[in-house]
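In what follows, a single structure is set out as structure tokens and then discussed.
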Amino acid sequence: MLKKHSLILMLLLVISINAWSQKKDYTFKIIPLGVKGGDDESNLSSYMLAPNGSNHFICLDAGTINAGIQKAIDNKTLKGISEDIQRRQIKGYLISHAHLDHVAGLIINSPADTTKNIYGISSVLNILRDKYFTWDAWANFGNEGEKPQLKKYTYNTLEEGLTYPLAETEMKVRAFELSHGKPYKSTAFLIQAKDNYVLYLGDTGADEIEKSDKLSKLWQEVAPLIITGKLKAIFLEVSFPNDQPDNQLFGHLTPRLFFNEFAKLQNVTSLEAMKKVSFIVTHRKPPQKNILKIKEQLLMLNTAGFKLIFPDQGKLLTIY
């Protein structure tokens, strides 16, 4: 009996160790500071991203900062004081496009922030420099534009297809242009840490609506990473339910268009490979009934069983 009891304890210990190891074996951690599109100023597109073992975060867009960090503190996802976390743990900002629901938090919280980098394609950085960080609109915290320049933020222009280090982090980035209500440009960021990748898409319309090939080109670029299992997660927006008319999408996706893009991606990869990727659904727009309807429609259309993640503000996500 004693031997049997010892064997059971040993098995339980092995199971516990395996479970602990699996729990620790994630590749990236994500802290959503804001998950909505539209008009909720306390919960707009913004995600802190870092690889496993690091607290050196890059911020993917910056619609909400302080309120999102406070929510994460309330959820025990982060510890400390909101302003200190922004100053010390966020090492820079990747801005997909300069609409206010993606940059308002960066602008409003800039007086309390520390010196760091803002990364983006030239058209996006130009808007930040010429429209927002000016002395008429706010104050020029940038290193370019109107004088005096306070030089808290340094603009770093990303050229398509080139890989750039993200300062003070363990990550690198490549940028790809997206069409967000043609000819307005948004951006996708392919972020690398060691041999693992995450793909973040800012707001984007479907190629068929935008009369563009931006998404098709992007899927071709990332297909090898999906096939080899290196691309762990894709952030992709769904702003409106399916009953939104095509001529009123304003450069956004619906659940139907979302899965149309899945079909295109599957054509250059495989169903088996895509099932290993976590798809993080972003930018659902209020009112609340639409947010719920978008989720219902996505789940109904997900007949293949893809991993769909609906992030909650302030709640930790770990990507394996």
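The values are calculated or read from the model by the stated rules, or taken from the named source; none is laboratory data. Note that the structure is a prediction, hence the values are computed from the model and not measured. Positions of Cβ are backbone-derived with ideal geometry, glycine not excepted, and every protein chain shown enters the neighbour counts.
Would you check if GLY68 is in contact with a Leu (Cβ under 8 Å, 6 or more places away or on another chain), assigned to a helix (DSSP H, G or I) and buried (at least 24 other Cβ atoms within 10 Å of the Cβ)? Yes, satisfied.
All conditions in (1) under 17 Å from PHE258 (Cα atoms); (2) surrounded by fewer than 23 Cβ atoms within 10 Å (Cβ to Cβ); (3) within 14 Å of the chain's Cα centre (by Cα) hold for LEU199, with the sole exception of (2). Give the range 201-211 a look and list any residue that's under 17 Å from SER239 (Cβ atoms) and either small (Gly, Ala, Ser) or assigned to a loop (DSSP other than H, G, I, E, B) (or both), or say none. Matches in the range 201-211: GLY202, ASP203, THR204, GLY205, ALA206. Counting only residues that are surrounded by fewer than 20 Cβ atoms within 10 Å (Cβ to Cβ) and hydroxyl-bearing (Ser, Thr, Tyr), the range 213-247 holds 2 of them.
Of the helices (runs of 4 or more DSSP H) lying entirely inside the range 233-311, those containing at least 3 residues that are without any contact (Cβ under 8 Å) to a residue 12 or more places away in the chain span 255-267, 288-301.
In the range 73-90, the residue that is nearest to LYS131 (Cα to Cα) out of those that are crowded, with 22+ Cβ neighbours inside 10 Å and in contact with a strand residue (DSSP E or B) (Cβ under 8 Å, 6 or more places away or on another chain) is ILE90. Of the residues GLU237, GLU261, GLU221, GLU272, the single one that is out of contact with any helix residue (DSSP H, G or I) (no Cβ under 9 Å at 6 or more places or on another chain), within 23 Å of HIS97 (Cβ to Cβ) and among the charged types (D, E, K, R) is GLU221. Is it true that some residue in the range 264-274 is within 20 Å of ASP203 (Cβ to Cβ) and modelled with pLDDT of 95 or more? Looking for residues that are within 20 Å of ASP203 (Cβ to Cβ) and modelled with pLDDT of 95 or more, one finds at least one in the range 264-274, hence yes.
The set of residues from the range 252-304 being under 21 Å from ILE209 (Cα atoms), in contact with a strand residue (DSSP E or B) (Cβ under 8 Å, 6 or more places away or on another chain) and among the charged types (D, E, K, R) comprises GLU261, ARG284, LYS285. Regarding THR77, is this residue touching a residue at least 12 places away in the same chain (Cβ under 8 Å), out of contact with any helix residue (DSSP H, G or I) (no Cβ under 8 Å at 6 or more places or on another chain) and among the β-branched types (Val, Ile, Thr)? Spelling it out, THR77 is indeed touching a residue at least 12 places away in the same chain (Cβ under 8 Å), out of contact with any helix residue (DSSP H, G or I) (no Cβ under 8 Å at 6 or more places or on another chain) and among the β-branched types (Val, Ile, Thr).
Note on the range 263-310: among residues that are touching an Asp or Glu at 6+ places or on another chain (Cβ under 7 Å) and not hydroxyl-bearing (Ser, Thr, Tyr), the one that is nearest to GLU221 (Cα to Cα) is HIS283. Taken over the range 263-320, the criterion of being closer than 26 Å to GLY251 by Cα and of a type in the set (Asp, Glu) is satisfied by GLU296, ASP312. Does THR204 satisfy the criteria of being in contact with a helix residue (DSSP H, G or I) (Cβ under 7 Å, 6 or more places away or on another chain), hydroxyl-bearing (Ser, Thr, Tyr) and within 20 Å of SER46 (Cβ to Cβ)? Here the answer is yes, as THR204 does meet what is asked.
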